[in-house]
Each structure stands twice: as C-alpha cells, then as structure tokens.
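Novice: The structure follows.
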Amino acid sequence: MNKSPTEELFWDTAEIHEIDGFWYYAERMKPMAAFRSQFECRNDDVFLASFPKTGTTWLKALCHTILHRHDQEEEEEEEDILTKKNPHQVVPTLEFSFLLGRVQHLLLSPRRRLMHTHLPYSYLPEEVTRSPAAAAAAGCSKLVYLARNPKDTVVSMWHFYNQVHKGSAGPLSVERAVESFCSGVMPWGPFYEHVLGYWEESKKRPDEVLFLKYEELCREPKEQGRKLASFLGRSFPSTTDGSGGTDDDDEVEKVLWRSSFGRLKELEVNKYGAVGEQGLQLSHTIYFRKGTVGDWKNYLTLDMAQCIDQVTRVKLQGTGLSLDDF
Ligand code: A3P
C-alpha cells in the first residue's frame, strides 16, 4: 500500500500522521484537535509539558506534591493520593482523553488545575500561548517543560515502545529506535524541534515558562525543587537556622522523597496497577524502569552514540541550549 508522505507506521505497528512538522498517533488526532479548540484557560492553571520518556511521571508527581504539600501535611500518610493513584492518573495528559470526558472533573474543579501535555508548543491552544503583552494584561497560566538528554531518552523509549507496541515481528532493535529518533518520525516528534519550541518560549517569557532538565533535577534536586516551587508560587519558607543551613530543608526533602523514583516504584499502586492505553492494559511498572542518568552506555554502541551526538550538535547549534547527560 502506498502511504502519503504525511502518514507513516511507527514501530512497525502504529499509524502516525504529520501535521505542521510534527507527528502524532492517528487515533489521538481527534482528542488533540478538541483540546486545541475547546480548552478554556484559567489564570492560575499549571501546565506541564514534556516529550515522551523524558521524566513526565516524575514531573507530574513532583509538581502535584509541591502544589498540594500543605493539604498533605494535614492528612495522614494513607491519604497521600500518590499512594492510591499513579502520577498519570493524578495529573492527566489532556490530549489523551479530552473527548472521553475522563478529564471533566479536572476541568471543572474549583482548585488550581494541574495538567500535562506531550504536544509541541506550536500546537497548544492559543489561550495558553498568548503573547506576553496579552498574558500580562489578562494574567497568565504557568508552563513547566522538562527536557532530558537525547541518548537516555532513546534508550528509555526503546524499552517503553517495545512493551507498548508488541508487533508480530517481535521487539524492534536499538538500531531501529535510534533511526526513528534521529529521523524525528515518531509520535510527538521530532524530539529536537519539540524541545526547542519550549526552550525558545522560556527565554521569551521566563516568568510564565520554566525549562527544567532531568539531569539537573537528578544532580541538584533541592535547588531545582526550590526553583520549581518558587516558579509555581509555592516557595518553601526559607529562613537561616543559624548554622549556615536553612530551615526549609526538611520540607524540600519531604517533597522530593514523596515524588522520588525509589518510593513511587515500590508503592503497591505502581507495582500492581494498570492503565488502559491504546486498547491495551499497560502495567504501571512500565513508567518506572531505572530512573538514572547515563544508562545509554549500557545499550548504545559508539557509532549509535556518535550519530545521536552529531544530530544533537546540528539541531542545537546557536540555540544556547545543551542537552548533555551530566
Ligand atoms: P528510564 O527508562 O531511563 O528508567 P516518562 O515519565 O516521560 O515516561 O519517562 C520515563 C522515564 O522516567 C523512565 O526512565 C523512568 O524510569 C523515569 N522515571 C519515572 N519516575 C521517575 C522519578 N520519580 N524520578 C526519576 N526518574 C523517573
């Protein structure tokens, strides 16, 4: 069968379509379009955005915990919602289920809304991307983007899609995953254009768009956690304790622990729960694999790593952005 240039098969099984330079699952296009045209923004909304396999699960857990940490302090441990639901159930990805009514409770909630999207910046509803001047006049929602180094993203994606798309021909090789990643022909791809869309916007509107990196969150969690909380208007109270430290350390550490890989991975809900996705029941364990930086060294050959590095160099040249794995 001849496919038009704007249709491809991803992972040998899933139909993807191209719109304005980005690729999307065919079955997602209706809810995406509905989200884009029907979504009504509130000034205090918080949007999270990320490319798949760059730490979305972590970002969702972390932001939820930061925003609701005082509610949780008043509650018993068993009331912590993350012990009952996977982060993807707590913070939905809007375009997945916009037409199914599954996000209705969130959209109508009187509380501050926390939502996620994998869509590129250029596809977001206009209300979310309005110009700085319009945003300043009307008040503006906040947007947090999480990026990750490309080589770990590829490896994470290879593990993930081999579970999600179990084609009749068996798992795809790492080589094929690298090819797919570098060509950009993959759901929500190309990766680099996705990252750069948000990067450019974060430079233009730093008060409304915060750009974080997975590696920095791993390396300096407290500093990054404080930055994120302050951006969301939920700063940790910071008073010096007389010995050079600050009194907020306990609170920051608690938030980081609640959303940490080690804790979430071991929770019953994430060990045994499952989510309905693309007609499959996906086990929650799929979202918690290793959670480290540099795992690519265990999977990519030197040639593959050099090939990705070369594409990264070309794509990021002159942008001021680096996506190194340190
Ligand atoms: P690995 O496959 O490298 O282990 P996403 O959430 O966007 O699907 O990304 C998944 C990646 O984030 C996986 O990476 C997963 O292990 C990691 N991850 C999930 N929860 C995390 C957490 N709380 N802290 C750090 N990494 C986490």
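Each reported figure results from applying straightforward, stated rules to the coordinates on display, with no laboratory input. Note that this is a predicted model, so its numbers are computed, not measured. So basically every Cβ, Gly included, is an ideal-geometry build from the backbone, and we count neighbours across all protein chains shown.
Novice: Once a ≥ b ≥ c are taken as the square roots of the eigenvalues of the Cα gyration tensor of region 172-274, is the result rounded (a/c under 1.5), prolate (a/b larger than b/c) or oblate (a/b not larger than b/c)?
Specialist: Numbers: a/c = 2.81, a/b = 1.49, b/c = 1.89.
Judged from the Cα gyration tensor, region 172-274 comes out oblate (a/c at least 1.5, b/c at or above a/b).
Novice: OK, next. For the chain, just run the numbers: alpha carbon Rg, then divide by 2.2 N^0.38 Å, N being how many residues it has. Walk me through the intermediate numbers first.
Specialist: Details: Rg = 19.7 Å, N = 326, 2.2 N^0.38 = 19.8 Å.
Scaled against compact globular proteins, the figure is 0.99.
Novice: Using θ = phi - 60° and the Karplus form 6.51 cos²θ - 1.76 cosθ + 1.60, what ³J(HN,Hα) does each residue of region 39-52 get, whole Hz, x for Gly and Pro?
Specialist: 5, 10, 7, 10, 4, 9, 4, 10, 9, 10, 9, 6, 7, x
Novice: Can you give the local net charge around residue 94? Use residues other than it whose beta-carbon is closer than 14 angstrom to its beta-carbon, Lys and Arg +1, Asp and Glu -1.
Specialist: Neighbour charge sum, excluding residue 94 itself: +3.
Novice: Quick one: which residues, 5 or more positions from residue 274 or on another chain, have an amide H under 5 Å from its amide H? H modelled 1.01 Å from N in the peptide plane, none for Pro or chain starts.
Specialist: 284
Novice: Could you tell me which of the pairs 203/290; 142/204; 203/315; 203/297; 142/203 are separated by over 25 angstrom between their Cα atoms in the structure shown?
Specialist: Numbers: 203/290 31 Å; 142/204 14 Å; 203/315 17 Å; 203/297 32 Å; 142/203 14 Å.
Long pairs (Cα-Cα over 25 Å): 203/290; 203/297.
Novice: Moving on. Which net charge results when you count Lys and Arg as +1 and Asp and Glu as -1 among the other residues whose beta-carbon is under 11 Å from that of residue 105?
Specialist: Numbers: positive: 102, 111, 113; negative: none.
My count for the surroundings of residue 105 gives +3.
Novice: Summing +1 for each Lys or Arg and -1 for each Asp or Glu, what net charge is found among the other residues whose Cβ lies under 11 Å from the Cβ of residue 273?
Specialist: Within the 11 Å Cβ shell, the charges total +2.
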